[in-house]
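The structure under discussion appears below in the form of structure tokens.
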């Protein structure tokens with residue numbers, strides 16, 4: 001993948017007056033999204049992520065800063081040029097925003113109205129898009145007759161009607177149940193792969209980010225406080241908020257709280273160590289636990305284990321009790337470190353509820 | 001037909017003729033129809049203008065909004081019977097005369113358009129702002145949004161407020177008799193009430209109610225049909 005930036009925000013700042021109160025929704029944010037990426041922006045509601053992504057297609061004009069999309073300086077465009085540019089940026093919404101008075105086919109055809117395309121051309125495009133999102137049989141239904149997941153599929157088909165190169169997803173799965181969420185994320189992932197669509201996905205669900213994003217930025221109070229590729233962020237989060245978000249999907253802390261209540265942990269012997277082992281990628285190829293016993297006579301009692309596949313890279317977290325001679329334990333730790341396993345000692349008395 | 005003659009002794013003799021029942025029905029229908037058409041068009045234009053120029057609208061314009069908003073309020077505040085008189089010089093300018101059925105259209109429109117404009121504004125405001133935002137994100141122009149989103153998505157509500165407005169117009173035409181416009185209201189008051197011919201009042205009332213019911217029925221049916 002060539003590193004061609006399709007969205008560049010430079011020092012974008014958004015302030016507005018809301019009910020007499022000055023709101024600093026976006027605070028001097030820099031953001032670059034490259035072609036073909038799925039870029040997740042995660043944050044709690046009110047963090048400013050919706051406002052931030054709306055500066056990409058200028059649904060929200062920044063108070064200051066520069067917005068460049070697909071090589072165009074957005075803020076220099078006239079009204080008509082801006083409308084044409086917006087056709088290259090699709091958008092899907094949390095509440096779908098379909099038109100209740102139009103059928104599914106008419107909703108999908110909406111962006112093509114007034115573009116000079118013939119009825120037959122529009123029809124063909126609509127058929128193709130409905131087929132793509134798996135809703136060909138509902139073409140003549142109205143939005144009110146569809147489930148949430150189906151409505152979002154219509155939203156996606158509609159967003160794709162003008163063949164955009166970028167898709168902005170504004171909490172698109174937040175109103176959906178987990179199963180439907182997964183299927184919509186799968187669809188987005190396949191569109192990214194099939195069409196080379198660049199996706200900017202904002203969400204408060206780290207689970208969604210984990211499933212499909214290549215890069216992730218964490219937003220808080222209008223600022224991006226941490227960013228990076230998905231694996232690095234998961235393996236080595238710096239900010240507490242990032243850690244909190246990761247916890248929502250890994251649930252290590254709650255696992256730990258349950259683990260420390262077990263008798264094995266409560267009655268830890270002097271030759272036993274309670275540790276968390278974290279490893280990324282290749283280190284998992286070697287049978288770690290077996291090697292510990294074979295080479296160091298250290299027994300590992302696995303109390304909790306979790307392996308996530310992030311962008312094709314395994315990311316493992318084990319909570320284990322290691323038992324063995326003092327020297328053997330030290331040697332085992334050295335071995336683990338050589339294998340790029342991060343060892344974190346856990347003190348049961350310090351684990352909160 | 002003898003019971004008709006028995007219970008409505010005064011209606012038969014004035015059934016036809018210039019000041020007759022048939023003519024009064026025609027005059028009321030004439031005033032209602034043209035007021036609805038003209039005030040309807042004006043009201044939609046003004047209502048859309050209010051939505052567009054509102055501070056959260058597509059083309060925010062404080063000055064245009066303020067002036068339009070105040071004009072609408074002022075015209076809505078004038079009691080119709082006073083409006084009939086106040087607007088006469090303007091009516092003469094437009095129609096050539098200040099009295100008669102056609103002359104009554106001017107105050108009827110002036111009284112109805114602002115009322116309808118406010119209803120149109122509120123009807124359009126019921127359209128989900130998210131849908132409008134989606135249309136903007138798709139690159140729709142303000143004109144496209146007016147016709148393809150506001151007036152289309154707001155149609156069920158627009159039909160409902162139109163019914164309300166037409167019924168109010170039918171009511172206003174009853175007062176237009178004061179400037180010689182004729183109609184059923186005039187028949188009921190000028191002929192029926194002033195001559196104590198209560199059967200004439202009753203018949204006038206029946207026709208007015210019939211018109212109201214028909215408008216209501218068609219409106220309800222249509223609104224239901226376009227709502228999905």
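The values are calculated or read from the model by the stated rules, or taken from the named source; none is laboratory data. Note that the structure is a prediction, hence the values are computed from the model and not measured. Note: ideal-geometry Cβ built from the backbone for every residue, glycine included; neighbour counts use all protein chains shown.
Scan region B:192-226 residue by residue and report those that are outside any helix (DSSP H, G or I) and exposed (fewer than 15 other Cβ atoms within 10 Å of the Cβ).
Listed by number, the residues that qualify are B:194, B:195, B:196.
Identify, from the list B:127, B:131, the residue that is without any contact (Cβ under 8 Å) to a residue 24 or more places away in the chain and farther than 20 Å from residue B:39 by Cβ.
Exactly one of B:127, B:131 is without any contact (Cβ under 8 Å) to a residue 24 or more places away in the chain and farther than 20 Å from residue B:39 by Cβ, namely B:131.
Looking at region A:128-139, which of its residues are touching a residue at least 12 places away in the same chain (Cβ under 8 Å) and more than 12 Å from residue A:160 (Cα to Cα)?
Correct list: A:134, A:135, A:138, A:139.
Considering only residues that are farther than 24 Å from residue A:42 by Cβ, facing another protein chain (nearest Cβ under 10 Å) and surrounded by fewer than 22 Cβ atoms within 10 Å (Cβ to Cβ), which ones fall in region A:53-89?
A:79, A:80, A:82, A:83, A:84, A:85, A:87, A:88
Among the numbered criteria (1) within 20 Å of residue B:157 (Cβ to Cβ); (2) within 14 Å of chain A (Cβ to nearest Cβ); (3) at pLDDT 95 or above, which one does residue B:58 miss?
Only one criterion is unmet by residue B:58, namely (3).
Which number in (1) surrounded by fewer than 23 Cβ atoms within 10 Å (Cβ to Cβ); (2) in contact (Cβ under 8 Å) with a residue 60 or more places away in the chain; (3) within 13 Å of residue B:48 (Cα to Cα) marks the one condition that residue B:114 misses?
(1)
Take the conditions assigned by TED's automatic domain parsing to the domain that holds residue A:29 and over 20 Å from residue A:197 (Cα atoms) and apply them to residue A:129. Does it pass?
So residue A:129 does not fit the description; no.
Of the conditions (1) surrounded by fewer than 14 Cβ atoms within 10 Å (Cβ to Cβ); (2) away from chain A (no Cβ under 14 Å), residue B:108 clears all except one; give me its number.
With (1) surrounded by fewer than 14 Cβ atoms within 10 Å (Cβ to Cβ); (2) away from chain A (no Cβ under 14 Å) applied to residue B:108, the lone miss is (1).
Among the residues that make up region B:46-59, is at least one of them over 21 Å from residue B:129 (Cα atoms) and part of a loop (DSSP other than H, G, I, E, B)?
Looking through region B:46-59, none of the residues is over 21 Å from residue B:129 (Cα atoms) and part of a loop (DSSP other than H, G, I, E, B).
Determine, yes or no, whether residue A:25 is buried (at least 18 other Cβ atoms within 10 Å of the Cβ) and either more than 14 Å from chain B (Cβ to nearest Cβ) or at pLDDT 95 or above (or both). Show your work before the answer.
Details: buried (at least 18 other Cβ atoms within 10 Å of the Cβ): yes; either more than 14 Å from chain B (Cβ to nearest Cβ) or at pLDDT 95 or above (or both): yes.
Yes; evaluated as a whole, the condition is true for this residue.
Before we move on, is residue A:111 under 22 Å from residue B:152 (Cβ atoms), surrounded by 21 or more Cβ atoms within 10 Å (Cβ to Cβ), modelled with pLDDT of 95 or more and out of contact with any helix residue (DSSP H, G or I) (no Cβ under 6 Å at 6 or more places or on another chain)?
yes
Out of all the residues in region A:166-203, which are surrounded by 18 or more Cβ atoms within 10 Å (Cβ to Cβ) and either out of contact with any helix residue (DSSP H, G or I) (no Cβ under 8 Å at 6 or more places or on another chain) or not assigned by TED's automatic domain parsing to the domain that holds residue A:48 (or both)?
A:166
Residues being farther than 18 Å from residue A:97 by Cα, in contact (Cβ under 8 Å) with a residue 60 or more places away in the chain and over 12 Å from the mean Cα position of the chain (by Cα): count how many of those fall in region A:170-194.
So the count comes out to 1.
Go through region B:135-191 residue by residue and tally those that are outside any helix (DSSP H, G or I) and more than 12 Å from every other protein chain (Cβ to nearest Cβ).
So the answer is 6.
Tell me yes or no: at least one residue of region A:142-149 is more than 30 Å from the chain's Cα centre (by Cα) and touching a residue at least 12 places away in the same chain (Cβ under 8 Å).
yes
Scanning for something within 8 Å of chain B (Cβ to nearest Cβ) and within 28 Å of the chain's Cα centre (by Cα), does region A:112-124 turn up at least one residue?
No, there is no match, as no residue in region A:112-124 is within 8 Å of chain B (Cβ to nearest Cβ) and within 28 Å of the chain's Cα centre (by Cα).
Could you tell me whether region A:164-181 includes any residue that is modelled with pLDDT of 95 or more, part of a helix (DSSP H, G or I), touching a strand residue (DSSP E or B) at 6+ places or on another chain (Cβ under 6 Å) and closer than 26 Å to residue A:218 by Cβ?
no
Please find, among B:77, B:103, the residue that is closer than 30 Å to residue B:218 by Cβ and more than 13 Å from chain A (Cβ to nearest Cβ).
B:103
Given (1) surrounded by 24 or more Cβ atoms within 10 Å (Cβ to Cβ); (2) within 14 Å of chain B (Cβ to nearest Cβ); (3) under 16 Å from the mean Cα position of the chain (by Cα), identify the lone condition not met by residue A:50.
Going through the list (1) surrounded by 24 or more Cβ atoms within 10 Å (Cβ to Cβ); (2) within 14 Å of chain B (Cβ to nearest Cβ); (3) under 16 Å from the mean Cα position of the chain (by Cα), residue A:50 breaks only (1).
In region A:128-159, which residue that is surrounded by 19 or more Cβ atoms within 10 Å (Cβ to Cβ) and within 11 Å of chain B (Cβ to nearest Cβ) is farthest from residue A:110 (Cα to Cα)?
A:143
Consider residue A:101 against the criteria (1) part of a strand (DSSP E or B); (2) within 14 Å of chain B (Cβ to nearest Cβ); (3) touching a helix residue (DSSP H, G or I) at 6+ places or on another chain (Cβ under 8 Å): it satisfies all of them except one. Which criterion is unmet?
It is condition (1) that residue A:101 fails.
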